């Protein structure tokens, strides 16, 4: 289960806190191939682990809080535009 910290059930056996999220902006057509793969490869090459979630029309990439700013910098250096 993935949820905000305030929504973790009282009877949860284990919880891994400290994640921040990027959302791939826009609606992703199924014909677009490799978007998540390219981003995850860039972050992996910089030793930044991720947890990825995909929905019907976009992807979310979670990184640990301590790696978030570095992830932003790495992606910006690769030409990605980070909003927010």
Legend entry - Scope region 65-84; condition without any contact (Cβ under 8 Å) to a residue 24 or more places away in the chain and exposed (fewer than 13 other Cβ atoms within 10 Å of the Cβ); matching residues: 69, 73, 76, 77, 79, 81, 84
Inset, instruction - Kindly provide the set of residues from region 29-54 that are loosely packed, with under 11 Cβ neighbours inside 10 Å and closer than 22 Å to residue 16 by Cα, ordered by number. - result: 47
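Going by the conditions given, is residue 26 part of a loop (DSSP other than H, G, I, E, B), under 18 Å from residue 82 (Cβ atoms) and either out of contact with any strand residue (DSSP E or B) (no Cβ under 6 Å at 6 or more places or on another chain) or at pLDDT 90 or above (or both)?
Criteria met by residue 26.
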Legend entry - Filter result (surrounded by 12 or more Cβ atoms within 10 Å (Cβ to Cβ) and assigned to a loop (DSSP other than H, G, I, E, B)) within region 55-64: 58
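The values are calculated or read from the model by the stated rules, or taken from the named source; none is laboratory data. Keep in mind that what you see is a predicted model, and the values were worked out from it rather than measured. Neighbour counts run over all protein chains shown; Cβ positions are idealised from the backbone, glycine included.
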